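I have placed the structure first, in the form of structure tokens, so that the comments after it can refer back to it.
The values are calculated or read from the model by the stated rules, or taken from the named source; none is laboratory data. Bear in mind that the values here come from a model prediction, so they are computed numbers and not experimental data. Because the Cβ atoms are built from the backbone with ideal geometry, glycine has one as well, and the counts that use them run over all protein chains shown. When the accessible area is computed, the model is the full protein with side chains, heavy atoms only, and any ligands, DNA or RNA have been set aside. Shrake-Rupley method; radii C 1.70, N 1.55, O 1.52, S 1.80 Å.
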Amino acid sequence: MARSVLKTKFISHGTLGSKDLEATRRFYEEFLGLEVVRTSPVSLMIRLGGNHVYAVVYTKKKERMPRVYHNGLDVDSDAEVDDAWRACTEQAEKWGLHDIDKPSARHGTYSFLFWDADDNAWEILSNPKGGYTWIFEQGDLEGRGHFERGFRHKRPDAKKETA
């Protein structure tokens, strides 16, 4: 790794907006399965499976998150992606979910995207343990990179999945 000007050690957090913290907390806990704590009258902190957290801040004029800035939640298999998609479509009205894509193979995984009631974008994807860390093992990519057809066969769990 190249030497950097700043001596940073860890990406500790990101930030999401919420139009209604109580409804958002219920959605995160009951639907997404995230761990949630209240950090102030206008904020929450969430995490899942690791030390990286998101601050969730009440925002009066929350804008729709563009697709490219989505948040990924990993599951163990393609079948679990399909199950999650069915749950999203079946419970869309209850949770305010919208613009739910159909699952497909993309950038080395199988996934779909949707937007929640706060207009935050989420991707549910099948990934090996450790998420996208396997891509770092590939080093710098050339050509179409992780968009290359067949890229998924380079995953450490490639023999388990077929999509």
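Out of all DSSP beta bridges with both ends in the chain, state the antiparallel percent to the nearest 5. Around 65 percent of the beta bridges assigned by DSSP in the chain are antiparallel ones. Once you reduce segment 101-144 and segment 39-59 to the center of their Cα atoms, the two points are 22 Å from each other. Annotation: average projected area of the chain is 11.2 square nanometres, based on the convex hull of Cα atoms across all directions.
Here the chain is treated with +1 on each Lys and Arg Cβ and -1 on each Asp and Glu Cβ, and its dipole about the Cα centre works out to around 660 debye. Could you pull out which residues in segment 44-79 have an amide N less than 12 Å from a spot 7 Å beyond the Cα of residue 107, following the Cα-Cβ vector? Residues 67-73 fall inside that zone.
Probe of 1.4 angstrom, ligands and nucleic acids ignored: what's the accessible area per residue over the chain, in square angstrom?
Details: 10740 Å² over 163 residues.
Heavy-atom SASA per residue in the chain reads 66 Å².
Comparing mean-square fluctuations of 29, 80, 142 from a GNM of the chain with C-alpha springs under 10 Å, the top value falls on 142.
Express the carbon and sulfur contribution to the solvent-accessible surface of the chain as a percent, rounded to the nearest whole number, probe 1.4 angstrom. Ligands and nucleic acids excluded, carbon and sulfur reach 53 percent. The solvent-accessible area of residue 101, taken with every protein chain present and a 1.4 Å probe, is close to 40 Å².
Of all the options 50, 14, 145, the one that moves most in a Gaussian network model of the chain with Cα springs shorter than 10 angstrom is 50.
Place +1 on the Cβ of every Lys and Arg and -1 on the Cβ of every Asp and Glu in the chain, take the dipole about the Cα centre, and give the residue among 92, 56, 6 whose Cα lies farthest towards its positive end. Result: 6, furthest along the dipole toward the positive end. Comparing 158, 103, 69 along the charge dipole axis of the chain, the residue lying farthest to the positive side is 69, per the Cβ-charge model. Which FRET efficiency value, to the nearest 0.05, is calculated for residue 35 and residue 149 with the Förster distance at 35 angstrom and r the Cβ-Cβ distance? So, using R0 = 35 Å, E works out to roughly 0.40. GNM on the chain, alpha-carbon springs under 10 angstrom: the most fluctuating residue among 39, 59, 109 is 39.
Lysine pairs, Cα distance under 21 Å, 8 or more residues apart or cross-chain: how many in segment 27-163?
Total qualifying Lys-Lys pairs in segment 27-163 comes to 5.
If you wrap the Cα atoms of segment 48-118 in a convex hull and average its projected area over all directions, you get 5.9 nm².
Using the Cβ-Cβ distance between residue 140 and residue 23 with R0 set to 41 Å, the FRET efficiency works out to roughly 0.45.
Residue 83 to residue 6: extension gain in nm, 0.36 nm per residue of separation minus the Cα-Cα distance?
23.5 nm
On the beta carbon distance between residue 157 and residue 91, with R0 = 41 Å, the FRET formula returns roughly 0.90.
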